[in-house]
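**Student:** Handing you this structure, nothing more for now.
What follows draws every value from the coordinates through simple rules; no lab data is involved. Here the structure is a predicted model, which means the values were calculated and not measured. Virtual Cβ from ideal backbone geometry, glycine too; neighbours counted across all protein chains shown.
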Amino acid sequence: MDHPSPIHRIRRIRRLAIPSAATALVLALTACTGGVEGKPGAAGVGDKLFPKLGNGGYDVEHYSLALDYDPARNHLTGTVTLTARATQNLSAFNLDFAGMDVGSATVGGKRADANRAGDELTLRPADELKKGAEFNASVSYSGTPKTLTDQDDSHEGWLRTADGALALGEPSGSMAWFPSNNHPSDKATYDIKVTVPQGLRAISNGELKSMSTANGRTTFAWHTGEPMATYLATVVIGKYDIKESKTPSGIPIYTAVDPAAAKDSADVVAKLPEILEWEKVNFGPYPFSSTGVVVAPKGSAEYALETQNRPVIPVDQLDVSTLTHELAHQWFGDSVTPKKWGDMWLNESFATYAEWLWSEDHGGESAQAHFDEQYKKGADDNIWAFPPAAPPSAAHISDEPVYQRGAMVIHQIRKAVGDDAFYDIVQGWAKDHRHANASTDDFTRYVEEKSGHDLTDLWDTWLYGDGKPKSP
Ligand code: TRP
Ligand code: ZN
């Protein structure tokens with residue numbers, strides 16, 4: 001329909017004036033017909049810690065990105081085309097996008113209005129979208145992508161390096177390089193195509209499908225066929241040494257190492273196949289179709305990140321423990337993804353516990369010794385500042401209670417149910433929620449059902465309780 005329906009007119013009148021008895025009656029009648037008029041989708045998904053992240057009214061199935069980056073000018077040109085399904089009748093919907101300039105936008109192949117306010121980009125399609133309908137939307141954009149500063153003062157989004165850049169997105173940075181439904185609850189598959197000056201590499205998630213050079217520029221086309229959360233998407237651009245191989249069980253490995261880091265990283269990178277195979281024994285089948293690691297330049301980020309398929313680890317952060325941690329995230333975080341950011345302890349507890357287990361199995365300290373080391377910390381230590389499942393604000397989601405005390409929760413479960421049941425739980429959890437989303441409630445319920453134990457006290461004390469638990 002090209003002309004506004006009567007329903008539209010009523011809505012407009014209602015906004016302009018106090019409704020008369022007559023308009024109120026018409027509104028009531030409209031409601032009775034179960035009116036098909038669309039409403040704008042919400043500007044957030046209701047995440048308590050990040051109210052503006054994600055958007056309501058649709059669910060993305062696939063992102064197709066075409067990016068062109070000029071490192072000398074730090075200039076990015078991009079087009080995102082997404083395939084999504086409307087979850088309500090939609091007159092408009094939002095994408096999360098920070099910085100750069102938006103050119104044109106289309107929905108269903110027709111030009112759509114695009115409006116920006118803060119980090120919200122609102123698209124108003126020419127034709128309303130019906131609940132359940134699949135649609136395509138595309139947005140083209142360009143500019144200098146932003147580096148974002150998180151509430152905990154770390155940097156994410158687009159991080160420039162000497163000869164290129166890294167894109168890192170936990171928790172919100174992906175909106176600095178492509179418009180998206182930027183919340184872990186909406187996972188999708190991806191095609192990421194990146195064009196860079198000849199001689200540089202562009203590395204991303206999934207598998208490299210093609211590489212072609214024309215007019216001094218090379219295009220790398222990456223495909224991610226397993227669902228991925230926006231915060232796990234990455235692009236790494238620069239000079240890199242590339243190696244391709246396979247783990248003993250045949251999983252393709254693609255590693256990219258900053259040439260300046262080659263010497264310092266070789267021993268750790270060589271351990272990747274062994275770590276991954278060890279994790280398969282502990283956590284169950286590897287959830288993705290390829291693995292690897294990107295060893296990024298010294299100081300390029302303040303942290304490592306479990307970007308899907310292949311974590312990005314700045315060389316000054318790289319050691320066996322960190323690689324074990326980031327690879328464990330492939331099961332816990334990347335495949336089984338939190339429903340909301342407050343559930344992030346589900347990621348970090350398992351990844352930290354993987355470090356403890358690796359050490360226990362390889363002649364280092366036992367997991368119990370790691371636990372004891374944490375437990376002996378005084379009652380006013382940071383580790384007891386808040387319960388793992390209840391970070392008080394966005395500024396605290398990467399604090400010790402989420403990581404170390406989270407790992408202590410996992411250890412307490414192991415002690416309560418015994419090793420056999422523990423490994424059944426760990427593998428069953430990864431299997432049941434593979435490529436999906438899960439919450440803390442889903443987890444505690446699962447552990448109790450699978451083990452047959454009532455663990456109320458454990459949850460109350462270790463997961464939700466304030467302060468240092470009275471006994472280990
Ligand atoms: N998830 C990363 C890790 O444990 C750490 C991290 C990087 C992080 N950026 C973050 C955690 C932002 C919370 C928020 O390896
Ligand atoms: Zn982690």
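**Student:** With each label point set 7 Å from Cα along the Cα-Cβ vector, what nm distance links residue 420 and residue 117?
**Tutor:** Simple spin-label model gives 6.0 nm for this pair.
**Student:** A follow-up question, please. Residues in the stretch 372-399, backbone N under 20 Å from the label point at residue 446 (7 Å along the Cα-to-beta-carbon vector): list them, ranges by number please.
**Tutor:** What the label zone holds, given the 20 Å backbone N cut-off, is 388-391.
**Student:** Rounded to the nearest Å, what's the spacing between the alpha carbon centres of the stretch 119-182 and the stretch 362-420? Just the number, please.
**Tutor:** 33 Å
**Student:** Please compute the alpha carbon radius of gyration of the stretch 58-239, then divide it by the globular-protein estimate 2.2 N^0.38 Å. Two decimals is fine.
**Tutor:** Working: Rg = 15.9 Å, N = 182, 2.2 N^0.38 = 15.9 Å.
So the Cα radius of gyration is 1.00 times the expected 2.2 N^0.38 Å.
**Student:** List the pairs from 52/450; 246/298; 280/415; 146/340 whose alpha-carbon separation is above 31 Å, in the order I gave them.
**Tutor:** On the way: 52/450 36 Å; 246/298 27 Å; 280/415 22 Å; 146/340 24 Å.
Cα-Cα > 31 Å for 52/450; rest within.
**Student:** Label residue 372 and residue 142 with points 7 Å out from Cα along Cα→Cβ: what is the distance between them in nm?
**Tutor:** Using points 7 Å along Cα→Cβ, the separation is 6.4 nm.
**Student:** Something else now. Loop-only trypsin sites (Lys or Arg not before Pro) in the stretch 323-391, please: DSSP not H, G, I, E or B, and at most 16 other Cβ atoms within 10 Å.
**Tutor:** Numbers: sites: 339, 340, 376, 377; in loops: 339, 340, 376, 377.
Listed in order of number, the matching sites are 376, 377.
**Student:** Here is a follow-up. If the cut-off is 18 Å between C-alpha atoms, which aspartates and glutamates fall inside it for residue 468, apart from same-chain ones fewer than 8 positions away?
**Tutor:** Partners found: 372, 373, 380, 381, 399, 400, 457, 460.
**Student:** If you average the alpha carbon positions of the stretch 291-330 and of the stretch 441-472, how far apart do those two centres end up, in angstrom?
**Tutor:** Rounded to whole Å, the Cα centres lie 31 Å apart.
**Student:** Students often get this wrong: which residues of the stretch 121-145 have the backbone nitrogen under 20 Å from the point 7 angstrom along Cα-to-C-beta of residue 215?
**Tutor:** 140-143
**Student:** List, in order, the whole-Hz ³J(HN,Hα) value for each residue of the stretch 317-325 obtained from phi through the Karplus relation with A = 6.51, B = -1.76, C = 1.60 and θ = phi - 60°; use x for Gly and Pro.
**Tutor:** 10, 7, 7, 4, 4, 5, 5, 4, 4
**Student:** Also: Just from its helices, what would the mean residue ellipticity at 222 nm be for the chain, if runs of 4 or more DSSP H residues each count -39500 (n - 2.57) and the sum is divided by every residue, rounded to the nearest 500 deg cm²/dmol?
**Tutor:** Details: 10 runs with 117 residues, N = 472.
Taken over the chain, the calculation gives -7500 deg cm²/dmol.
**Student:** Report, in degrees rounded to the nearest 10, the 0 to 90 angle that the Cα long axis of helix 345-361 makes with the longest principal axis of the chain.
**Tutor:** 20 degrees
**Student:** Leaving out same-chain residues fewer than 8 places away, which aspartates and glutamates sit with a Cα under 13 Å from that of residue 239?
**Tutor:** 163, 258
**Student:** Given that compact globular proteins tend to follow 2.2 N^0.38 Å, what is the ratio of the alpha-carbon Rg of the chain to that value? Don't jump to the answer; show the numbers that get you there.
**Tutor:** Details: Rg = 24.0 Å, N = 472, 2.2 N^0.38 = 22.8 Å.
Cα-based Rg divided by the globular estimate yields 1.05.
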